[in-house]
Structures are given as C-alpha cells and as structure tokens.
Amino acid sequence: SATQDLVDSTSDSGFVETGYIYRVHGLQGEVKVKPATDFPELRFSKPGTRWLKRQVLGTEIMEEIKLVEGRGRPGQNWIVKFEDINTVEQAQKLVGSAILVTDQDRPVLEEGDFYTHDLIGMRVVLQETGEIVGTIANVFNNGASDLLHVELNSSTHRAWIPFVEAIVPTVSLEKREIVITPPKGLLELNIPKHEKSKKERREL
C-alpha cells in the first residue's frame, strides 16, 4: 500500500512536507495544522526540530523551529505549539507555512508498504510483454484502496490502476518501475473512442 508523507512540491532537497498551518488557535500562540502524513502523532506530538517553509515579502524561506507539543485525534486536524511562539500575533505570521522534516526522518515501513513519493515517476511495465506503458503521475486513496494514476505513453489520457497485489505483483524501488497484470480493457477505460485504433475497438 502507499503511505503518505508528501515530498514538498517544490522539491526542496532532503525535506518532506508533513502538514500545513492554516489557522491560529486560542490566545497562547498555538496553531492548527492540516496533516499531510500517515504519521500525525509522530510528526505533531513528538517534541523536536521541524522546518517551516513560508513566504516572507514575496520570497520563499526555510527556517528551523522547535515543536513543543501537539494534540489531535486520528482523521482530524492537529493543534500545535512551537517554541517562542506565545502570542496571537506571532502565531499569525506562521499561517500559510508548510511544516517539513528531513527525508532521513521518515519511519521505516513494513514490507509491502511504500511512500507515495517513491512511487511517483516510476515506469509502468506490462508483465506479459515487458512493454513500458506509462509512468505513475500520482497516487490517491479512495477510502477502500490506493489507486495509481498512470500517464499512458500511447495517449494523452491517464489510467487508474488499483494498487493491489493481484494487479501490481512487483514493485522495484531499485529499478524505479512497477510490473502490472491489468484486466483486459483497464488501461483503455478513460481513453475516448476516437483515440482508439480500430483494432483496439474490436478487442474491447
């Protein structure tokens, strides 16, 4: 399965985005955080060093900050306290910041689990033919399972592939590729009919 600990969208080398500060909480300098991780207790309740990425006078900056404590419940947003942030005015300056940790701080996953970041960009290979059919563009969770959003080489459209062992039997981080055994027609579901060849239309 895919585990979320988002790599920052601007690709700051060596950092992983774990949450977003969206509001001040109370009068003591606390802030509300929307998690972007499957490890919120580790990220927001364990004291220690974090980094904030934010805009200051139109310039994006990274700054080190100490997390003092945090509280929340599974599936909900978190309330976090940072060192030396003790007033509403100080906390307000943090709103809009992304919270990051170092890439090396990511927990070791169990066998069969992968970080979303590690899957994005992987080649998608058909087991039957060895053909490279596309590249993983993103990973989503529909509540029941993870879905791989694959950018197909043969079309401007993308396919949705369930990230389950029956369809994705092999994931190689070393080769940066996954091997798939899709049911017939799965890769063509989102392709408009006018983009399919006559042969493809006959086969579907």
**Prompt:** Based on the Cβ-Cβ distance from residue 93 to residue 113, what FRET efficiency comes out when R0 is 35 Å, to the nearest 0.05?
**Reply:** 0.45
**Item:** Computed lengthening from residue 145 to residue 84, 0.36 nm per intervening residue step minus Cα-Cα distance
**Value:** 17.8 nm
**Prompt:** Size of the dipole of region 120-182 about the Cα centre, Lys and Arg at +1 and Asp and Glu at -1 on the beta carbon, nothing else charged, in debye to 20?
**Reply:** 140 debye
**Asked** Taking +1 at the Cβ of each Lys and Arg and -1 at the Cβ of each Asp and Glu, which of 75, 88, 112 sits farthest along the dipole of region 48-112 towards its positive end, judged by Cα position relative to the Cα centre?
**Response** 88
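Rounded to the nearest 0.05, what FRET efficiency is calculated for residue 164 and residue 60 with R0 set to 30 Å and r the Cβ-Cβ distance?
Numbers: r = 39 Å, r/R0 = 1.28.
FRET efficiency, residue 164 to residue 60: 0.20.
Can you give the Rg to Rh ratio for region 54-138, taking only C-alpha atoms and Rh from Kirkwood? Numbers along the way, then the final one.
Working: Rg = 19.6 Å, Rh = 17.2 Å.
Taking Rg over the Kirkwood Rh, I get 1.14.
Please identify every one of the GluC sites (Glu not before Pro) in region 35-142 that sits in a loop by DSSP and has no more than 10 other beta carbons within 10 Å of its own beta carbon. Don't jump to the answer; show the numbers that get you there.
Details: sites: 41, 60, 63, 64, 69, 83, 89, 110, 111, 128, 131; in loops: 83, 110, 111, 128, 131.
Passing sites in region 35-142 are 110, 111, 128.
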**Asked** What is the mean projected area of the alpha carbon convex hull for region 2-105, to one decimal in square nanometres?
**Response** 6.4 nm²
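Can you give the direction-averaged projected area of the convex hull of the alpha-carbon atoms in region 120-182, in nm²? Show your work: numbers first, answer last.
Details: hull surface 16.3 nm².
So the mean shadow area of the Cα hull is 4.1 nm².
Throughout, read-outs are computed from the coordinates displayed, never taken from laboratory work. Since this is a predicted model, take the numbers as computed values, not measurements. In this analysis, Cβ positions are derived from the backbone assuming ideal geometry, glycine residues included, and neighbour counts consider all displayed protein chains.
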